Amino acid sequence: QVQLVESGGGLVQAGGSLRLSCVASGSIVGAVTMSWYRQVPGDQRELVAAVTRSGVTNYADSVKGRFTISRVNAKNTIYLQMNNLKPEDTAVYYCNAPIGATGSWGQGTQVTVSS
C-alpha cells in the first residue's frame, strides 16, 4: 500500500481556478498510472483525469479543455490544474494509484464552486 495526501481544495467562484496536489509516500508517481477522481454525496466516484507511465493523459469529457493533470516524479507528486470551474465541479477530489487489492486512495480534498 502507498499513502496519498491531497491538498489544494477550497471554495471558489464560478470561472475561477484551483490547483490540487497529491503527494505519494513512495517513488511511484512515474511508475504507474496516477489518477484523479471526484465524488458527490450519493453518486459513484468518477474518473476525472489520468496520466500513464509514458505521460499519456486522459480526461473525462466534462473537464476536457479546462483541467490539466501533470506530475513531477522527483517530488512524488501529481497535480490537477482546474480552470474555468463550474458549480457542477463541486465534489470531493481523490488521488488514486493502482496499488493494493482495491487501489490506494487519499483522504480527499473538497472543492466547492459557487455560482
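The values are calculated or read from the model by the stated rules, or taken from the named source; none is laboratory data. It should be emphasised that the depicted structure is a prediction, and the values quoted were computed from it without experimental measurement. Methodologically, a virtual Cβ is constructed for each residue, glycine included, from the backbone with ideal geometry; neighbour enumeration extends over all protein chains shown. Ligands, DNA and RNA are stripped out before the accessible areas are found, and what is left, the full protein with its side chains, is counted by its heavy atoms. Shrake-Rupley method; radii C 1.70, N 1.55, O 1.52, S 1.80 Å.
Confirm whether Tyr94 is over 21 Å from Gly15 (Cβ atoms), hydroxyl-bearing (Ser, Thr, Tyr), surrounded by 15 or more Cβ atoms within 10 Å (Cβ to Cβ) and in contact (Cβ under 8 Å) with a residue 60 or more places away in the chain.
Criteria met by Tyr94.
Within segment 80-91, count every residue that is surrounded by fewer than 18 Cβ atoms within 10 Å (Cβ to Cβ) and either under 11 Å from the mean Cα position of the chain (by Cα) or not in a loop (DSSP other than H, G, I, E, B) (or both).
Residues in segment 80-91 being surrounded by fewer than 18 Cβ atoms within 10 Å (Cβ to Cβ) and either under 11 Å from the mean Cα position of the chain (by Cα) or not in a loop (DSSP other than H, G, I, E, B) (or both): 3 in total.
Within segment 41-50, identify whether any single residue is touching a residue at least 12 places away in the same chain (Cβ under 8 Å), part of a loop (DSSP other than H, G, I, E, B) and farther than 17 Å from Gly26 by Cα, and answer yes or no.
Yes, segment 41-50 has at least one match.
With Val2, Val29, Val12 as the choices, which residue is more than 11 Å from the chain's Cα centre (by Cα), surrounded by 20 or more Cβ atoms within 10 Å (Cβ to Cβ) and either touching a residue at least 24 places away in the same chain (Cβ under 8 Å) or assigned to a strand (DSSP E or B) (or both)?
Exactly one residue qualifies, and that residue is Val29.
Taking Thr77 and the conditions (1) out of contact with any Lys or Arg (no Cβ under 6 Å at 6 or more places or on another chain); (2) open to solvent by less than 40 Å² (accessible area, probe 1.4 Å); (3) under 14 Å from Ala50 (Cβ atoms); (4) without any contact (Cβ under 8 Å) to a residue 60 or more places away in the chain, which numbered condition does it fall short on, given that it satisfies the others?
(3)
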